[in-house]
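*Asks:* Can you keep this structure in mind? I'll have questions shortly.
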Amino acid sequence: MKYYGIVFLVLNLLIYAAIGICAAVRPEAFAAAIDLSFTTPAALPEFLATFSGLMLAIALGLLLTLMMRRHRRAAYAALTLAYAGFAGGRLYGMLAHSGFDWRNGVFLALEILLLVWGFFCYREMRWLPANYGH
């Protein structure tokens, strides 16, 4: 359990970097995989801003956080809030608009799992000594 916080940050770094790279390299294929389509000329740049630029910036921020321990608690808080937003938005969308399907169910479960893990990391970091592996 000593390194569960670092594992959480590395896992998130890999997730966000993978999304960002995949969206940048093959945006049409990535969008099709999540049932999105580019119906207007402005759609592709907007997609790339969110799914490539933002995701790669988050991954870079997590890399910096891994190198500077004093910022890890803020990273845990930010990721926890992000997953709360993802899960809340997804749940609202499923209940109010699209209904439940297997893919949204899997993503919702993962977002809740990562939300709880992030909250646990945030909560536990304040009690750990500076030289602990967190």
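The values are calculated or read from the model by the stated rules, or taken from the named source; none is laboratory data. The model shown is predicted, which means the values in this text are computed figures rather than measured ones. Cβ sites come from the backbone with ideal geometry, for glycine too, and all protein chains shown count toward neighbours. Note: accessible area is taken over every heavy atom of the protein model, side chains too, but ligands, DNA and RNA are not part of it. Shrake-Rupley method; radii C 1.70, N 1.55, O 1.52, S 1.80 Å.
*Asks:* Could you give the DSSP H helices of the chain that reach 27 angstrom or more along their long axis (alpha carbon positions) and whose average Kyte-Doolittle hydropathy is no lower than 1.0?
*Replies:* Helices meeting the criterion: 4-25.
*Asks:* Got a number for carbon plus sulfur as a percent of the chain's accessible area, 1.4 Å probe?
*Replies:* Working: 5940 of 8170 Å².
Ligands and nucleic acids excluded, carbon and sulfur give 73 percent.
*Asks:* Dipole size in debye (nearest 20) for the stretch 1-100 around its Cα centre, Lys and Arg Cβ +1, Asp and Glu Cβ -1?
*Replies:* Working: 7 positive and 3 negative charges, 135 e Å.
Taking the Cα centre of the stretch 1-100 as origin, the dipole is about 660 debye.
*Asks:* In the neighborhood of LEU9, defined by Cβ-to-Cβ distances under 12 Å, what is the net charge if each Lys or Arg adds +1 and each Asp or Glu adds -1? The partial results should precede the final answer.
*Replies:* Values: positive: ARG69, ARG72, ARG73; negative: none.
Residues near LEU9 contribute +3 overall.
*Asks:* Here's another thing I want to ask about it. Counting chymotrypsin sites (Phe, Trp or Tyr not before Pro) as exposed when in a DSSP loop with at most 12 other beta carbons within 10 Å, what is the longest stretch of the chain free of them? Show your work: numbers first, answer last.
*Replies:* Values: sites that count: TYR3, PHE100, TRP127.
Within the chain, the longest run free of exposed chymotrypsin sites (Phe, Trp or Tyr not before Pro) spans 4-99.
*Asks:* Right, next: Grab the DSSP H runs of the chain that are 4 residues or longer, score each as -39,500 (n - 2.57), total them, divide by all residues and round the 222 nm result to the nearest 500 deg cm²/dmol. Could the numbers behind the result be given before it?
*Replies:* Values: 6 runs with 94 residues, N = 134.
Rounded to the nearest 500, the figure is -23000 deg cm²/dmol.
*Asks:* How far is it, in nm, from the label point at ARG123 to the one at VAL7 when both lie 7 Å from their Cα along the line to the Cβ?
*Replies:* Placing both labels 7 Å along Cα→Cβ, they lie 1.8 nm apart.
*Asks:* Still on this structure: Sum up the charges of everything whose Cβ sits under 12 Å from the Cβ of LEU36, counting Lys and Arg as +1 and Asp and Glu as -1, but leave LEU36 out.
*Replies:* Details: positive: none; negative: GLU28, ASP35, GLU46.
Cβ neighbours under 12 Å give a net charge of -3.
*Asks:* On full extension of the chain, what length is gained from MET94 through ALA32, given 0.36 nm per residue of separation minus the C-alpha to C-alpha distance?
*Replies:* On the way: separation 62, 0.36 × 62 = 22.32 nm, distance 1.94 nm.
Full-extension gain reported as 20.4 nm.
*Asks:* Taking the dipole about the Cα centre of the stretch 35-134, with the C-beta of Lys and Arg at +1 and of Asp and Glu at -1, give me whichever of ALA57, TYR92, GLY105 is farthest to the positive side.
*Replies:* Result: ALA57.
*Asks:* Hey, another quick one. Each label point is 7 Å from the Cα along the Cα-to-Cβ direction; what then is the distance between the points at ARG103 and LEU60, in nm?
*Replies:* 2.9 nm
*Asks:* Specify the longest stretch of the chain that does not include any exposed loop site, a site being one of the trypsin sites (Lys or Arg not before Pro) with a non-H, G, I, E, B DSSP assignment and at most 14 other Cβ atoms within 10 Å. The partial results should precede the final answer.
*Replies:* On the way: sites that count: LYS2, ARG126.
Between the exposed loop sites, the longest stretch runs 3-125.
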